[in-house]
1. Condition check: within 9 Å of DNA strand D (Cβ to nearest atom) and assigned to a helix (DSSP H, G or I). Does B:T20 satisfy that?
2. Could you list, in sequence order, all residues of the stretch A:46-88 that are more than 30 Å from A:G282 (Cβ to Cβ) and out of contact with any helix residue (DSSP H, G or I) (no Cβ under 7 Å at 6 or more places or on another chain)?
3. Name the residues in the stretch A:1-19 that are within 14 Å of another protein chain (Cβ to nearest Cβ), at pLDDT 90 or above and over 9 Å from A:A43 (Cα atoms), would you?
4. Give the stretch B:186-207 a look and list any residue that's of a type in the set (S, T, N, Q), assigned to a helix (DSSP H, G or I) and crowded, with 17+ Cβ neighbours inside 10 Å, or say none.
5. Quick one: count up the residues across the stretch B:72-95 that are more than 7 Å from chain A (Cβ to nearest Cβ) and in contact (Cβ under 8 Å) with a residue 24 or more places away in the chain.
6. For the subset of the stretch A:240-274 comprising residues that are within 22 Å of the chain's Cα centre (by Cα) and among the aliphatic types (A, V, I, L, M), which member is surrounded by the fewest Cβ atoms within 10 Å (Cβ to Cβ)?
7. Could you check the stretch A:20-62 and list, in sequence order, the residues that are crowded, with 17+ Cβ neighbours inside 10 Å, within 14 Å of another protein chain (Cβ to nearest Cβ) and over 30 Å from A:E119 (Cβ atoms)?
8. In the stretch A:102-112, how many residues are outside any helix (DSSP H, G or I) and more than 10 Å from every other protein chain (Cβ to nearest Cβ)?
Protein chains: 2
Amino acid sequence: MSTRATITDVAAEAGVSISTVSLVMNGKGAVAESTRSRVQTAATRLGYTPSRTARGLAAGRTGNLGFVLREDHFCQSEPFYTRVFLGAEFEARRRWLYVLLSTVPPRYRPDAAPRFLQEHTVDGVVVAGRVDDTFLDALGASGIPFVLADYAWHGAASVQLDNEGGAALVAAHLLAQGHTRVGFLTADRDHPSMAARGTGFRAAMATAGYTLPESCIATSTGAASRSAGAALAARLLDGPDRPSAVFCANDALALGFLDAARARGLDVPGDVAVVGFDDVEGAALAETPLTTVRVYKEQLGEVALGLLAERSLASADVAAEAARFARAPSVTRIATDLVVRASG
Amino acid sequence: MSTRATITDVAAEAGVSISTVSLVMNGKGAVAESTRSRVQTAATRLGYTPSRTARGLAAGRTGNLGFVLREDHFCQSEPFYTRVFLGAEFEARRRWLYVLLSTVPPRYRPDAAPRFLQEHTVDGVVVAGRVDDTFLDALGASGIPFVLADYAWHGAASVQLDNEGGAALVAAHLLAQGHTRVGFLTADRDHPSMAARGTGFRAAMATAGYTLPESCIATSTGAASRSAGAALAARLLDGPDRPSAVFCANDALALGFLDAARARGLDVPGDVAVVGFDDVEGAALAETPLTTVRVYKEQLGEVALGLLAERSLASADVAAEAARFARAPSVTRIATDLVVRASG
DNA sequence: GCTTCGACTGGAAGCGCTCCCACTCCCGTC
DNA sequence: GACGGGAGTGGGAGCGCTTCCAGTCGAAGC
């Protein structure tokens, strides 16, 4: 294992030219079956693996993809984005690509930009979750193709959870349970996902002929945390006409809602049913296990990376590809499921 | 921004040869000050950044470091290793290096090995947390230099928390509180860190003249989880002579201990004091905020990566360096602090 | 005045690969 | 039987950089 075998070694061993070895290793061009297997054998015998670096230099592609995440999203205890990353990494392996994980601060500063923006050491980037829009501007300007996962921005290609669909499932479920006085609770309401859950829910209820009473809606623009959920829940629970069921736009809020209900001695789902969204780890473990919408985080990452790979590697001409990319934005949706537990 | 500027462009712009540009960019060799600044200017004017790939090919170094983590460690809700990674990534940025994050399954399978083991796209690897030893065997055999973070293996270089020191702090604290009937609770006891916490604690107590009564010790080899903590706690709390204070080898166990104490109507710290280790996010938020040993996760990652960078990049001759590396194993310890809260 | 030397700079050989192009066969066609 | 064309293969020019080596030139040494 002193020095690694190179393409030249393999060529010599197999008695062919390096061009042929290259063709075989890339599965390209027309190579006689006998030649192919001879090269194959020589390669295995020598333990040859093509050098990424050399390949990158020659082909103008690095085989690296970036995965960008906001620092605080990466470190939050609910392993949402780590799972997304895991899916992406899995898909990358399958495609023989590498993933460079890099974080950005909540507020973008050019000096904290991932290095690959400058160095172009990456063929494309997956951006997971909400990030500062100015970062996306910079990314866009760099000409590096990118796809968003669980976020939307202008017309950029993105992979998103089917928030509308999930919310519609909740609506159907609640209606099937006979609830007609139904509330909705959300925070961080400008976030595309949160917003979509709200509009999807309203739309589904409207289709069934119901409008959410204004007094049964509690929203805010702050963080969608458990404590925020408890605070917002107060607005619904302490009002004159309490809803009989409330859809919370995510599980953290829903768990906060449960806290608030318990603090008031209310029975869930007897006095008020509650449904969340996300199916976080704590949802099933809550005192009253939470009915919620399950989302497939790994799949989100897989699909996003796959999409990126497909698009950014298909063509070697990165710039032209990026332009084409920008012109044909697309949203891919990852289906969600309703998980019915005790809370509603 | 159609095509990136290359070293040739800069050379032409500055009216020097590419060799000189290279020297300037790397801060090497003797270059006249006037020439240097001329090149510098030309480079900024053209927005030149050296190509990683080309540099890698020519210099035999990639500028990439691997960061390996066990899948389940990466996804656990306590963001321990993600913080370690964050520290590593931070340090990498400072050194203009990239980090490839890759996970391995709990049980090593050669087919699930990180790709860079085969492709040598990485100058060195940080392995964080306990991983399957056969994976480390493979890593060692590959000749890629590596350092362990929060784990120990043979004589491999590693960066570890000062587990003994932290445990000694706990012992001193408990003794200062007047506790003499002190217990110890651990799980996953074969893990080097957990073991070190135990021996450190015993040693510190022994130095002070106390031996832990056998009946006040509860250990297991299973996962060190909250539920395991509750289960093990039962052995100590339901026994004939309950300890007045218990040191739990990590916070998850300690939180489990609190659960068990509460279930038995015991007052903490009145009936039994409890101290944990790690200072996880939940420690401060527990019903009885937990006294624990704080560890600096980001620092762990920073130091590990720094060490690796220092060693693996100092010499271009990776193989020789790896050999030297192996001969001079070292353990770097990251200091810990005691955080006193309500529980003990 | 001539050598010696060090500071500085340029030339050029790769690093290991991809990919375009040219070349050789060999078969099928008119 | 000459010709077109496709399948299979090799040659060779880069990709953008590092680094060794050679060279220039002015200052110091004798």
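The values are calculated or read from the model by the stated rules, or taken from the named source; none is laboratory data. Values in this document were obtained by computation on a predicted structure and should not be read as measured data. Neighbour counts are summed over all protein chains in view; Cβ atoms, including those assigned to glycine, are modelled from backbone coordinates with ideal geometry.
1. Values: within 9 Å of DNA strand D (Cβ to nearest atom): yes; assigned to a helix (DSSP H, G or I): yes.
When the stated conditions are applied, B:T20 passes them.
2. Applying the first criterion (more than 30 Å from A:G282 (Cβ to Cβ)) to the stretch A:46-88 yields A:46-66.
If the condition is that a residue be more than 30 Å from A:G282 (Cβ to Cβ) and out of contact with any helix residue (DSSP H, G or I) (no Cβ under 7 Å at 6 or more places or on another chain), then A:G47, A:S51, A:R55, A:A58, A:A59, A:G60, A:N64 are the ones that fit.
3. Once the filter is applied, which keeps residues that are within 14 Å of another protein chain (Cβ to nearest Cβ), at pLDDT 90 or above and over 9 Å from A:A43 (Cα atoms), the stretch A:1-19 yields only A:T6.
4. Filtering the stretch B:186-207 down to residues of a type in the set (S, T, N, Q) leaves B:186, B:193, B:199, B:207.
From what is left, the residues that are assigned to a helix (DSSP H, G or I) are B:193, B:199, B:207.
The answer is B:S193, and nothing else.
5. 12
6. If we filter the stretch A:240-274 for residues that are within 22 Å of the chain's Cα centre (by Cα), which is where we start, we get A:248-254.
Within this subset, residues satisfying the condition of being among the aliphatic types (A, V, I, L, M) are A:249, A:252-254.
Values: A:A249: 29, A:A252: 25, A:L253: 34, A:A254: 31.
So the residue we want is A:A252.
7. If the condition is that a residue be crowded, with 17+ Cβ neighbours inside 10 Å, within 14 Å of another protein chain (Cβ to nearest Cβ) and over 30 Å from A:E119 (Cβ atoms), then A:A43 is the only one that fits.
8. Start the filter on the stretch A:102-112 by keeping residues that are outside any helix (DSSP H, G or I), which leaves A:102-109.
Right, trim to more than 10 Å from every other protein chain (Cβ to nearest Cβ) and you get A:104-109.
Number of matching residues: 6.
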